[in-house]
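Before any comments, here is the structure.
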Amino acid sequence: MKTQIINLEEKENINLIKDIIQSGDLVAFPTETVYGLGADGLNPEAVKKIFEVKGRPQDNPLILHVSDFEMAQKLVGEDLESLMEIGEIFWPGPLTLVVKKSEIVPDIITAGLDTVAIRMPRNEIALKIIKFSNTPIAAPSANISGRPSPTDADTCFNDLNGKIKYIVDGGETEIGLESTVLDLSSDIPTILRPGGVTFEQLQKLIPNVQVDKSILKEGETPKSPGQKYKHYAPNADSYLVSGSEDQKIEKIKNFLDYNKDKKISLMVTSEIYDKFEDLDLEVIDLGSKKNLEQIGSVIFRSMRHLDSLGSDIILIEEINAEGLGLAIMNRLKKSTSNRYI
Ligand code: TXA
Ligand code: MG
């Protein structure tokens with residue numbers, strides 16, 4: 001199969017994409033978080049192809065993407081009131097809501113659970129594709145399972161070339177990290193995966209919102225099936241670097257001294273970048289630790305880039321797990337299998 005990257009500026013392309021979705025095939029497309037690998041979410045045969053192409057474990061449920069509230073309502077069993085209340089504030093946007101499912105949601109979407117994850121993205125291209133296809137679109141991130149999520153069309157191409165017909169190009173994604181997954185089906189609203197909408201933002205609206213224990217502490221069993229898998233991993237061995245700024249600098253310098261035979265690359269904040277920029281190695285400036293949006297938007301892209309340069313080891317500076325930092329550190333801990341120097 002030949003994989004083509006197209007864009008929706010040519011008017012007839014939206015009809016092409018609509019036909020692909022409605023005929024039960026797959027399309028990769030941009031959202032404001034990461035690129036998704038989409039299929040008609042109400043067609044189990046189409047959804048099955050997503051699992052096959054990604055090599056995704058069958059017990060990991062998918063998110064259904066909708067373009068309006070009417071489409072969302074049809075997917076919800078109970079919990080409609082809470083979905084509407086929260087959705088009206090945060091949708092369209094990087095928040096996925098888990099609610100009791102209605103009968104029309106296929107089992108393959110929910111991996112047999114009685115709940116379904118729903119999101120209304122705010123990316124214009126995503127909304128247009130869902131609207132024209134006139135069906136909720138099931139879409140995980142458009143990468144081979146376990147790899148860092150793609151934030152541009154070329155990265156989707158690298159992972160999916162030969163496996164799907166079309167990738168819709170929408171440039172680099174705005175947020176660069178996946179959506180926050182919020183479970184509204186249990187007694188206490190619970191963040192199952194931190195993401196583009198922060199705990200602090202949700203807490204203003206839902207004072208009793210909590211973060212699933214497994215996100216705050218290693219070793220707890222996650223409530224969200226997807227959280228238990230190795231994820232977001234670059235090919236290079238990677239490690240987080242903790243401590244005060246001075247300690248981090250010293251740890252990295254020592255590590256470089258002891259591993260002269262290895263190609264080591266760094267991902268560090270602007271605050272310590274200049275300590276390494278003159279050395280003969282790849283150093284990525286993630287941006288200031290005060291600008292978490294900036295850091296969030298480049299972590300996956302940076303790992304992919306350093307992999308493409310053949311790095312043996314990537315050292316990544318730890319940041320504070322507050323605000324968007326919770327989502328960033330969640331991804332980085334998975335990428336590094338929680339290994340620190
Ligand atoms: O930003 C995003 O959410 C991207 C873009 C493409 O929209 N999508 C994405 O999908 O990240 P995926 O499949 O990589 O992650 C979906 C997460 C997984 O952790 C999965 O376990 C969880 O949502 N999930 C889906 N349905 C669920 C359910 N019914 N109960 C609990 N967790 C669920
Ligand atoms: Mg994913």
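The values are calculated or read from the model by the stated rules, or taken from the named source; none is laboratory data. Fair warning: this is a prediction, and the values are worked out from it, not measured in the lab. With ideal geometry, Cβ positions are generated from the backbone for all residues, glycine too; neighbour counts draw on all protein chains shown. Note: areas computed on protein heavy atoms with side chains; ligands, DNA, RNA excluded. Shrake-Rupley method; radii C 1.70, N 1.55, O 1.52, S 1.80 Å.
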Seminar exercise, completed: Note, the range 238-246: 3J(HN,Hα) by Karplus (6.51, -1.76, 1.60, θ = phi - 60°), whole Hz, Gly/Pro = x, goes 10, 9, 8, 10, 10, x, 5, 4, 5
Seminar exercise, completed: Percent antiparallel among DSSP beta bridges confined to the chain, rounded to 5, stands at 35 percent
Exercise. What residues have an amide H closer than 5 Å to that of Leu240, excluding those fewer than 5 places away on the same chain, when H is modeled at 1.01 Å from N in the peptide plane?
Worked result: Ile316, Arg339, Tyr340, Ile341
Exercise. In nm, to one decimal, how far is the Thr221 label point from the Asp114 one, both placed 7 Å along Cα→Cβ?
Worked result: 1.8 nm
For this session: Would you please give the residues with an amide H less than 5 Å from that of Ile191, counting only those at least 5 places away or on a separate chain, with H modeled from the backbone geometry?
Result: Asp183, Gln210, Val211, Asp212
For this session: Report Lys18's accessible area, 1.4 Å probe, all protein chains in place, as a number in Å² to the nearest 10.
Result: 50 Å²
Exercise. Setting aside same-chain residues fewer than 8 positions from Lys262, which lysines have a Cα under 17 Å from its Cα?
Worked result: Lys251, Lys253
Problem set entry | Rounded FRET efficiency, nearest 0.05, which uses the C-beta distance separating Gln73 from Glu12 and R0 of 35 Å | 0.65
Problem set entry | Cα Rg over Rh - the range 1-113, Kirkwood | 0.97
Seminar exercise, completed: One point scatterer per Cα, no solvent, Debye formula: log10 I(q)/I(0) for the range 1-59 at q = 0.12, 0.24, 0.28 Å⁻¹ comes out as -0.31, -1.13, -1.31
For this session: Give the residue from Thr336, Asn291, Ile264 lying farthest towards the positive end of the charge dipole for the range 226-341; charges sit on Cβ (+1 for Lys and Arg, -1 for Asp and Glu) and the dipole is referred to the Cα centre.
Result: Thr336
For this session: List the lysines whose Cα lies under 22 Å from the Cα of Lys213, skipping any in the same chain that are fewer than 8 positions away.
Result: Lys100, Lys204, Lys223, Lys228, Lys230, Lys333, Lys334
Seminar exercise, completed: Expected vector for the range 96-101, Karplus 3J(HN,Hα) from phi with 6.51, -1.76, 1.60 and θ = phi - 60°, integer Hz, x for Gly and Pro, equals 9, 10, 9, 9, 4, 8
For this session: Using label points projected 7 Å from each Cα along Cα→Cβ, tell me how many nm separate Glu88 and Ile206, to one decimal.
Result: 1.6 nm
Exercise. Which sequence of Glu200, Glu81 reflects their accessible areas, 1.4 Å probe, from the largest down?
Worked result: Glu81, Glu200
Seminar exercise, completed: Net charge (Lys, Arg +1; Asp, Glu -1) of residues whose beta-carbon lies under 10 Å from that of Ile20, Ile20 excluded, is -1
